[in-house]
Amino acid sequence: MKRKIQLSVNGQRVATDVEPRLQLAEFLREHLMLTGTHLGCEHGVCGACTVYLDDSPARSCITYAIACDGADVRTIEGFDEDVVMAELREAFSAEHALQCGYCTPGMLVTARDIVLRLPDADEPRIRKELAGNLCRCTGYVGIVRAIQRVLAQRGNRREASAVTPHAERALAPAMEETFGVRRNETAVSLAPRSGEKVGRGDAKLHQSFTVDHPRETVWAFFGRLDEVTACLPGAAATGTPTDDRVDIILRVKLGPVVAEFNGTAEVTRDPSTHTGVIRGSARDARSSSTTRGEIHYALSDERGGAATRVDVDVNYTLAGTLAQFGRSGLVQDIARRMTAAFAQNLEARLGAGPGTGGAAEPQRGRPAELNAGSLLLTAVWGRLKAVWRSLLGR
C-alpha cells in the first residue's frame, strides 16, 4: 500500500506516492531520473550512494524514501552552481582523483562535507573521514591530495582576507519518532551549540523518563558512579571511582565489528538544583575511533514527590572509522533505546537498594557487549510497525 510523501530534492518540491519499502536511492534514480547517485553495495558500506539529507551526508541505499517525508535532499546534480563543489571538481581533475568514476559522486559529497566542516584537517584526518567511501581504482592518493588542495586554497584566501572561516553547518535530523516505555518526551537535534565545532557524528539527544522513587533517593544513586555506569548497556567501571571521576569501558558489537572504548568520565553536581554534568571521552584502539560527550541531567519531583522525572541532554561526537555508522537516523534510535534501557536498569537498581545485587549490579573489568546490531534491527522493526499503523489508520 503506497503512502504520499512530500520532500525537497535539489530545491524542487516533490509530492508523490511511494511504497514503504522503496529505497531513497531507487526513488532518486528510477522515479526522478537523478542517476548521478550510484548504487554499489546496497548495504550502506561503499558510500557510492551518498547524498545530503537535511544538510548531512547520508546513505541513500539504506534510507527509506518514506522516512524522508518533509526532508531536504540534495544529490550530486544539485551542486552544479555550488562554489565548493566547483573547486573540488577542478581539484579532482588536476590531482587525477578519479578513474572509472563510479565512486566519484558520493566521494565528492563527502569531500564537500570535509572541506566545510574541517577546514584544518590534515591527511590522517581526511583519510579517516573518507573511510566510509570506498574506491577500487585510485588508491585514494589523488582524492586526498584534491581535498588538501581545496583546503589549502580556501585557507590562503581566509588568511589574505582575514575573515572568519566558513560557519560550521548545523546537521539537522531526518525525522523524529517516539520509542520505548515510561517516556515523557523525546526529541533529537543535530544542531551544534553556538561556537561549537562539529565533528563527524556530532549530535544532541534530549530524553525524559520517570522512575517511581523520591528525588533524594535518585539523587543519592547518581552520586554512586560505579552503579550509574553499570546501568548503561555494555558499560562497566574500571578501577575505583571517586566522587567526581570514573574510568569506564564500553563494548559495542555491530555485526562482525566489535569496538571496545576505554575512557574517563568526570562529574560535577549541584545539590541545590539537583542537576549534574558528566563529561567524558574514550577511544577504541582497534579502529582508532574516538568519542567524546557531555551528559546534562536534572531531577524534578513528580506525583507530589513520590516519583522523579529525569531530564537528560546528551551531546556527543564519534570520529574515526566507526563514524560512518553515525550518519543514519537509525543510530539516533539506538541511542534512544539505550537510554530507555538505562531507565529500566535504574528502576531495577533503585528497587533492589544499594549493594543488594539488582538487575544492574555494578560490574568490574570487561562488560558484556552491547549488541548494536540487535538494537538496529529492533529500531527498523519499530519504524516499519509505525508505518503500517499509519497506513492502516491506527
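The values are calculated or read from the model by the stated rules, or taken from the named source; none is laboratory data. Note that the structure is predicted; figures quoted are calculated from it, not measured. Here the Cβ positions follow ideal geometry from the backbone for every residue, glycine too, while neighbour counts run over all protein chains shown.
Only residues that are assigned to a loop (DSSP other than H, G, I, E, B) and surrounded by 18 or more Cβ atoms within 10 Å (Cβ to Cβ) were counted across the range 274-294, and they come to 2. With the structure loaded, tell me whether Gly78 is in contact with a strand residue (DSSP E or B) (Cβ under 8 Å, 6 or more places away or on another chain) and either β-branched (Val, Ile, Thr) or not in a loop (DSSP other than H, G, I, E, B) (or both) or whether it fails that test. In short, yes. Residue pairs whose Cβ atoms lie under 9 Å apart, separated by 6 or more positions or on different chains, with the first residue in the range 20-37 and in a helix (DSSP H, G or I) and the second crowded, with 21+ Cβ neighbours inside 10 Å and basic (Lys, Arg), are Leu24/Arg59; Ala25/Arg59.
Take Gly36 and decide whether it is of a type in the set (Gly, Ala, Ser), touching an Asp or Glu at 6+ places or on another chain (Cβ under 8 Å) and more than 18 Å from Glu129 (Cα to Cα). Here the answer is yes, as Gly36 does meet what is asked.
In the set (1) within 19 Å of the chain's Cα centre (by Cα); (2) of a type in the set (S, T, N, Q); (3) outside the structural domain of Arg29 (by TED's automatic domain parsing), the condition left unmet by Asn156 is number (1). Has the range 72-80 got any residue that is within 26 Å of Met1 (Cα to Cα) and either modelled with pLDDT under 95 or not small (Gly, Ala, Ser) (or both)? Scanning the range 72-80 turns up at least one residue that is within 26 Å of Met1 (Cα to Cα) and either modelled with pLDDT under 95 or not small (Gly, Ala, Ser) (or both). For the range 87-127, the set of residues classified as closer than 16 Å to Tyr52 by Cβ and part of a loop (DSSP other than H, G, I, E, B) is empty.
Residues of the range 1-53 that are among the acidic types (Asp, Glu), out of contact with any strand residue (DSSP E or B) (no Cβ under 9 Å at 6 or more places or on another chain) and exposed (fewer than 14 other Cβ atoms within 10 Å of the Cβ): Glu30 alone.
Applying the set (1) closer than 13 Å to Gly276 by Cβ; (2) not in a helix (DSSP H, G or I); (3) not acidic (Asp, Glu) to Phe221 leaves exactly one unmet item: (2).
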